[in-house]
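Visitor: Just dropping this structure here.
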Amino acid sequence: MKIGVLALQGAFVEHEQMLGRLGVETVEVRLPQDLAGLDGLIIPGGESTTIGKVAVRWGLLEPLREFAADGGPLWGTCAGLILLARRVRDAVPGQPLLRVMDITVRRNAFGRQVDSFEADLEVPALGERPFHAVFIRAPVIEEVGEGVEGVARVDGETVAARQGRLLATAFHPELTADERFHRYFVDLCAAR
Ligand code: GLN
(Lines give C-alpha, C1' and ligand atoms only; values in the text may rest on other atoms or scores of the structure.)
Protein backbone atom coordinates (compact mmCIF):
# COMPACT_ATOMS: atom_id res chain seq x y z
CA MET A 1 0.00 0.00 0.00
CA LYS A 2 1.44 3.32 -1.10
CA ILE A 3 -0.52 6.56 -0.83
CA GLY A 4 0.53 9.86 -2.37
CA VAL A 5 0.02 13.27 -0.81
CA LEU A 6 -0.08 16.23 -3.19
CA ALA A 7 2.78 18.34 -1.86
CA LEU A 8 2.48 21.65 -3.69
CA GLN A 9 1.22 23.83 -0.81
CA GLY A 10 -0.70 23.47 2.43
CA ALA A 11 -0.99 20.83 5.15
CA PHE A 12 0.58 17.84 3.39
CA VAL A 13 3.14 16.91 6.09
CA GLU A 14 0.38 16.31 8.65
CA HIS A 15 -1.32 13.83 6.30
CA GLU A 16 1.99 12.00 5.81
CA GLN A 17 2.50 11.76 9.56
CA MET A 18 -1.00 10.38 10.08
CA LEU A 19 -0.57 7.78 7.32
CA GLY A 20 2.83 6.90 8.78
CA ARG A 21 1.18 6.19 12.13
CA LEU A 22 -1.12 3.76 10.29
CA GLY A 23 1.91 2.03 8.81
CA VAL A 24 1.20 3.23 5.26
CA GLU A 25 4.05 4.23 2.94
CA THR A 26 3.63 7.77 1.61
CA VAL A 27 4.95 9.60 -1.45
CA GLU A 28 5.07 13.37 -1.88
CA VAL A 29 3.55 14.12 -5.27
CA ARG A 30 4.91 17.16 -7.12
CA LEU A 31 5.33 15.91 -10.68
CA PRO A 32 3.19 13.70 -12.96
CA GLN A 33 5.63 10.78 -12.67
CA ASP A 34 5.15 10.73 -8.88
CA LEU A 35 1.64 9.34 -9.45
CA ALA A 36 2.96 6.06 -10.86
CA GLY A 37 2.07 3.01 -8.77
CA LEU A 38 0.03 4.86 -6.15
CA ASP A 39 -2.95 3.14 -4.48
CA GLY A 40 -4.52 6.49 -3.63
CA LEU A 41 -3.87 10.21 -3.35
CA ILE A 42 -4.71 12.89 -0.80
CA ILE A 43 -5.14 16.52 -1.86
CA PRO A 44 -4.55 18.52 1.32
CA GLY A 45 -5.99 21.73 2.68
CA GLY A 46 -4.28 25.01 2.08
CA GLU A 47 -5.31 27.54 -0.54
CA SER A 48 -7.12 26.03 -3.51
CA THR A 49 -6.21 28.87 -5.90
CA THR A 50 -2.50 28.41 -5.15
CA ILE A 51 -2.58 24.61 -5.32
CA GLY A 52 -4.45 24.84 -8.65
CA LYS A 53 -2.00 27.36 -10.11
CA VAL A 54 1.06 25.32 -9.14
CA ALA A 55 -0.59 22.13 -10.45
CA VAL A 56 -1.06 23.82 -13.83
CA ARG A 57 2.53 25.07 -13.89
CA TRP A 58 3.90 21.59 -13.19
CA GLY A 59 1.64 19.86 -15.69
CA LEU A 60 -0.30 17.94 -13.03
CA LEU A 61 -3.91 18.86 -13.76
CA GLU A 62 -4.52 16.40 -16.59
CA PRO A 63 -2.56 13.51 -14.97
CA LEU A 64 -4.61 14.00 -11.79
CA ARG A 65 -7.85 13.83 -13.81
CA GLU A 66 -6.59 10.65 -15.49
CA PHE A 67 -5.72 9.16 -12.10
CA ALA A 68 -9.34 9.69 -11.03
CA ALA A 69 -10.73 8.45 -14.36
CA ASP A 70 -8.70 5.24 -13.95
CA GLY A 71 -10.47 4.62 -10.63
CA GLY A 72 -7.66 5.93 -8.45
CA PRO A 73 -8.97 6.78 -4.96
CA LEU A 74 -8.75 10.49 -4.16
CA TRP A 75 -9.42 12.30 -0.90
CA GLY A 76 -9.63 16.08 -0.80
CA THR A 77 -9.57 17.92 2.54
CA CYS A 78 -10.81 21.52 2.56
CA ALA A 79 -8.95 23.20 -0.35
CA GLY A 80 -8.56 19.67 -1.74
CA LEU A 81 -12.35 19.25 -1.67
CA ILE A 82 -12.68 22.45 -3.72
CA LEU A 83 -10.23 21.10 -6.29
CA LEU A 84 -12.22 17.85 -6.63
CA ALA A 85 -15.62 19.53 -7.08
CA ARG A 86 -17.31 19.76 -10.44
CA ARG A 87 -18.98 23.07 -9.53
CA VAL A 88 -17.52 25.75 -7.24
CA ARG A 89 -19.35 28.86 -6.09
CA ASP A 90 -17.27 31.90 -5.15
CA ALA A 91 -14.28 30.50 -7.02
CA VAL A 92 -11.76 33.04 -8.29
CA PRO A 93 -12.46 33.57 -12.03
CA GLY A 94 -10.45 31.06 -14.05
CA GLN A 95 -9.39 29.15 -10.92
CA PRO A 96 -7.98 25.75 -12.03
CA LEU A 97 -10.08 22.82 -10.77
CA LEU A 98 -10.10 19.07 -11.38
CA ARG A 99 -13.92 18.89 -11.56
CA VAL A 100 -14.02 15.12 -11.03
CA MET A 101 -16.59 14.80 -8.23
CA ASP A 102 -20.30 15.46 -8.76
CA ILE A 103 -20.73 18.02 -5.99
CA THR A 104 -21.39 21.77 -5.81
CA VAL A 105 -19.33 23.52 -3.16
CA ARG A 106 -19.13 27.06 -1.86
CA ARG A 107 -15.70 28.39 -0.97
CA ASN A 108 -15.18 30.13 2.37
CA ALA A 109 -18.80 29.37 3.19
CA PHE A 110 -18.49 29.93 6.93
CA GLY A 111 -16.23 32.95 6.41
CA ARG A 112 -18.72 35.66 7.15
CA GLN A 113 -19.84 34.24 10.47
CA VAL A 114 -16.66 32.67 11.73
CA ASP A 115 -13.32 31.98 10.07
CA SER A 116 -12.42 28.87 11.97
CA PHE A 117 -14.26 26.64 14.40
CA GLU A 118 -14.36 23.13 15.78
CA ALA A 119 -17.36 20.84 16.00
CA ASP A 120 -18.20 17.29 17.02
CA LEU A 121 -19.67 15.55 13.99
CA GLU A 122 -21.81 12.50 13.80
CA VAL A 123 -20.22 10.29 11.16
CA PRO A 124 -22.12 7.00 10.96
CA ALA A 125 -19.48 5.53 8.63
CA LEU A 126 -16.90 5.87 11.43
CA GLY A 127 -19.02 4.41 14.23
CA GLU A 128 -20.80 5.89 17.22
CA ARG A 129 -18.11 8.12 18.69
CA PRO A 130 -18.40 11.71 17.31
CA PHE A 131 -15.53 12.98 15.17
CA HIS A 132 -13.97 16.20 16.47
CA ALA A 133 -13.49 18.29 13.33
CA VAL A 134 -11.38 21.40 12.74
CA PHE A 135 -12.73 23.84 10.14
CA ILE A 136 -10.44 26.57 8.74
CA ARG A 137 -11.99 28.97 6.22
CA ALA A 138 -13.88 25.91 5.13
CA PRO A 139 -16.12 25.29 2.14
CA VAL A 140 -19.50 23.54 2.35
CA ILE A 141 -21.01 21.02 0.00
CA GLU A 142 -24.25 22.65 -1.18
CA GLU A 143 -25.45 20.01 -3.62
CA VAL A 144 -24.55 16.41 -4.34
CA GLY A 145 -25.23 14.54 -7.57
CA GLU A 146 -26.68 11.08 -7.92
CA GLY A 147 -24.30 8.48 -6.62
CA VAL A 148 -22.81 10.83 -4.03
CA GLU A 149 -23.55 10.14 -0.39
CA GLY A 150 -23.29 12.65 2.42
CA VAL A 151 -20.92 11.41 5.12
CA ALA A 152 -21.13 14.19 7.73
CA ARG A 153 -23.18 17.31 8.44
CA VAL A 154 -22.92 20.28 10.76
CA ASP A 155 -25.81 22.71 11.38
CA GLY A 156 -27.67 21.12 8.49
CA GLU A 157 -24.76 21.64 6.05
CA THR A 158 -23.01 18.73 4.35
CA VAL A 159 -19.31 18.82 5.19
CA ALA A 160 -18.17 15.39 3.99
CA ALA A 161 -19.23 13.26 1.04
CA ARG A 162 -18.22 10.20 -0.89
CA GLN A 163 -18.70 9.19 -4.50
CA GLY A 164 -17.30 5.71 -5.01
CA ARG A 165 -13.57 6.06 -4.44
CA LEU A 166 -13.71 9.84 -4.17
CA LEU A 167 -13.87 11.25 -0.64
CA ALA A 168 -14.22 14.92 0.30
CA THR A 169 -14.10 16.54 3.74
CA ALA A 170 -14.49 20.28 4.35
CA PHE A 171 -12.48 19.96 7.58
CA HIS A 172 -8.97 18.82 8.54
CA PRO A 173 -8.77 15.31 10.07
CA GLU A 174 -4.96 15.47 9.75
CA LEU A 175 -4.86 18.21 12.41
CA THR A 176 -6.39 16.03 15.12
CA ALA A 177 -5.24 12.83 16.78
CA ASP A 178 -8.25 10.87 15.51
CA GLU A 179 -7.07 8.47 12.83
CA ARG A 180 -10.49 7.16 11.80
CA PHE A 181 -10.93 9.20 8.61
CA HIS A 182 -7.45 8.23 7.41
CA ARG A 183 -8.20 4.59 8.15
CA TYR A 184 -11.47 4.94 6.25
CA PHE A 185 -9.57 6.27 3.20
CA VAL A 186 -6.90 3.58 3.48
CA ASP A 187 -9.70 0.99 3.42
CA LEU A 188 -11.12 2.64 0.28
CA CYS A 189 -7.68 2.37 -1.33
CA ALA A 190 -7.29 -1.27 -0.28
CA ALA A 191 -10.67 -2.15 -1.81
CA ARG A 192 -9.65 -0.82 -5.21
N1 GLN B 1 -10.45 28.81 1.88
C2 GLN B 1 -9.44 27.99 1.30
C3 GLN B 1 -9.59 27.88 -0.21
O4 GLN B 1 -10.49 28.39 -0.79
C5 GLN B 1 -9.46 26.59 1.88
C6 GLN B 1 -9.03 26.63 3.32
C7 GLN B 1 -8.38 25.36 3.81
O8 GLN B 1 -7.98 24.48 3.05
N9 GLN B 1 -8.23 25.26 5.10
O10 GLN B 1 -8.78 27.27 -0.83
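Visitor: May I ask you to evaluate 6.51 cos²θ - 1.76 cosθ + 1.60, the Karplus curve with θ = phi - 60°, for each residue of region 53-68 and list the ³J(HN,Hα) values in order in whole Hz, giving x for glycine and proline?
Guide: Along region 53-68, the couplings run 5, 5, 4, 5, 4, 9, x, 9, 4, 5, x, 5, 5, 5, 4, 5 Hz.
Visitor: Now for a different question. Can you list residues whose amide H is under 5 Å from residue 75's amide H, if they're 5+ apart or on another chain and H is modeled 1.01 Å from N?
Guide: 41, 42, 43, 167
Visitor: Using θ = phi - 60° and the Karplus relation 6.51 cos²θ - 1.76 cosθ + 1.60, list the HN-Hα couplings for region 29-45 in order, rounded to whole Hz, with x at every Gly or Pro.
Guide: Karplus values, whole Hz, x for Gly and Pro: 9, 10, 10, x, 5, 5, 7, 4, x, 7, 8, x, 9, 9, 9, x, x.
Visitor: Something else about it: Counting only protein heavy atoms and a 1.4 Å probe, tell me what percentage of the chain's accessible area is made up of carbon and sulfur.
Guide: With neighbouring chains kept in place, the figure for the chain is 46 percent.
Visitor: Relative contact order of region 37-192, please, whole-number percent, based on alpha carbon pairs below 8 angstrom and at least 6 residues apart.
Guide: About 23 percent, as a whole number.
Visitor: Okay, moving on. Around residue 9, under 11 Å between beta carbons, what's the net of Lys plus Arg minus Asp minus Glu among the other residues?
Guide: Local charge sum for residue 9: +1.
Visitor: I would also like to ask the following. Would you calculate, for the chain, the mean residue ellipticity at 222 nm contributed by helices, counting each DSSP H stretch of 4 or more residues as -39,500 (n - 2.57) and dividing by all residues, to the nearest 500?
Guide: -7000 deg cm²/dmol
Visitor: I'd like to know which of 190, 22, 92 lies farthest towards the positive end of the charge dipole of the chain, counting +1 on Cβ of Lys and Arg and -1 on Cβ of Asp and Glu.
Guide: Value: 92.
Visitor: Once you charge only the Cβ atoms, +1 for Lys and Arg and -1 for Asp and Glu, what is the size of the charge dipole of the chain about its Cα centre, to the nearest 20 debye?
Guide: Around 500 debye, computed over the chain.
Visitor: With θ set to phi - 60°, apply the Karplus curve 6.51 cos²θ - 1.76 cosθ + 1.60 along region 163-173 and write out the HN-Hα couplings as whole Hz, x wherever there is a Gly or Pro.
Guide: Along region 163-173, the couplings run 10, x, 9, 9, 10, 9, 10, 6, 10, 10, x Hz.
Visitor: Suppose all protein chains stay in the model; what accessible area per residue would a 1.4 Å probe give for region 80-167, in Å²?
Guide: 50 Å²
The values are calculated or read from the model by the stated rules, or taken from the named source; none is laboratory data. Predicted, not measured: the structure shown is a model, and the values here were computed from it. Methodologically, a virtual Cβ is constructed for each residue, glycine included, from the backbone with ideal geometry; neighbour enumeration extends over all protein chains shown. Protein only, heavy atoms only, side chains kept; ligands, DNA and RNA dropped before computing areas. Shrake-Rupley method; radii C 1.70, N 1.55, O 1.52, S 1.80 Å.
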